[in-house]
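Worksheet: one structure, shown below.
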Amino acid sequence: MKQKKKWYDYLWIASLTYLILGFFNILFAWLGLLCFFIPLLIAVIKGNKAYCNKYCGRGQLFSLAGGRFGLSRKKDVPGWMKSPYFRYGFLIFFFTMFFQMLWNTYLVFAGTKNLGTAVTLLWTFRLPWHWAYHGTFFSDGVAQFAFGFYSVMLTSTVLGFVTMLLFKPRSWCVYCPMGTMTQLICKAKHKAASRKS
Amino acid sequence: MSKRKAIVNTRACVACGCCMKVCPKNAITIPKGIHAEIDKERCVGCGKCAKECPASIITVEVAES
Ligand code: SF4
Ligand code: SF4
């Protein structure tokens with residue numbers, strides 16, 4: 001017996017489309033905020049990880065590529081990678097870089113800095129990306145955020161892809177900052193709830 | 001009821017739900033977003049979840065009862 005496919009089992013198409021759109025017009029990167037706020041809202045309001053468990057298109061993409069298409073060695077991830085130290089450490093690192101990106105966006109908004117039309121991969125490599133920028137009706141900061149956010153999304157996809165190849169298809173889920181954060185929210189929420197009763 | 005059952009190391013579980021998606025018996029839930037839980041009545045010990053789990057923290061063991 002196989003599980004019946006639900007509508008949300010096709011959300012990998014949305015994730016793939018998102019990545020592709022970023023090559024044509026960087027402003028589409030703003031849509032990625034959905035993958036940011038939806039899991040958080042579900043965790044805060046419902047107290048579960050339904051986003052990871054059902055809707056995450058990136059996870060589906062990895063399980064398809066690594067599973068169906070065999071692009072994975074299907075080996076266990078190393079012990080340190082699933083340790084709380086690494087998971088929480090990576091969460092902190094990821095958000096530090098995220099806030100740095102927001103600060104950079106702010107500087108462009110404020111006019112202190114000029115718009116940089118590059119995508120930064122793995123927080124290090126600046127890839128020229130000007131072809132995907134056709135101007136904006138709004139402030140340059142709007143475009144700067146798009147470049148910054150797309151950098152975050154592309155970086156995490158590349159990391160996830162590498163660990164998919166090396167280990168199990170959805171190895172990314174082990175250290176995904178959103179997953180770690182929503183799990184922490186759920187823990188806090190249920191702890192508070194059990195204390196009340 | 002089959003004897004072999006899946007067991008989750010709940011402390012190491014990241015609550016990703018990969019196990020849930022592959023279980024042919026719908027025996028797995030993650031009710032609180034903290035860790036997976038196996039319904040022992042439904043589990044047939046096929047081991048699909050253990051293979052899929054990216055953290056490799058599910059084992060299939062002969063249940064004593
Ligand atoms: S062993 Fe098979 S039946 Fe049991 S929980 Fe895992 S996938 Fe489901
Ligand atoms: S696949 Fe593994 S880590 Fe993910 S929810 Fe299931 S038992 Fe937990």
Fill in the blank from the handout: Those helices (runs of 4 or more DSSP H) completely within the range A:80-197 that have 3 or more residues that are more than 22 Å from B:Asn9 (Cα to Cα) are A:84-110, A:140-166, A:177-196
Exercise for the section: Kindly indicate whether A:Phe94 is more than 12 Å from chain B (Cβ to nearest Cβ), more than 18 Å from A:Tyr18 (Cα to Cα), buried (at least 19 other Cβ atoms within 10 Å of the Cβ) and touching a helix residue (DSSP H, G or I) at 6+ places or on another chain (Cβ under 9 Å). Expected result: yes
Practice task
Report the residue count in the range A:146-176 for those that are closer than 21 Å to A:Ile38 by Cα and at the interface with chain B (Cβ under 10 Å from one of its Cβ atoms).
Solution key: 6
Handout entry: Matching residues, the range B:35-65, being farther than 12 Å from B:Asn9 by Cα, free of Cβ contacts under 8 Å to residues at least 40 places away in the same chain and more than 6 Å from ligand 1 (Cβ to nearest atom)
Key = B:Asp39, B:Lys40, B:Arg42, B:Lys51, B:Glu52, B:Glu64, B:Ser65
Problem - Members of the range A:177-197 found to be of a type outside the set (Gly, Ala, Ser) and either farther than 21 Å from B:Cys53 by Cα or more than 8 Å from chain B (Cβ to nearest Cβ) (or both), listed by number - result: A:Pro177, A:Met178, A:Met181, A:Leu184, A:Ile185, A:Lys189, A:His190, A:Lys191, A:Arg195, A:Lys196
Exercise for the section: Could you tell me which numbered condition B:Thr59 fails, if it satisfies all but one of (1) assigned to a loop (DSSP other than H, G, I, E, B); (2) surrounded by fewer than 16 Cβ atoms within 10 Å (Cβ to Cβ); (3) at pLDDT 95 or above? Expected result: (1)
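The values are calculated or read from the model by the stated rules, or taken from the named source; none is laboratory data. What you see is a predicted model; the values in this text were computed from it and never measured. Please note: Cβ atoms are built from the backbone with ideal geometry, for glycine as well, and neighbour counts cover all protein chains shown.
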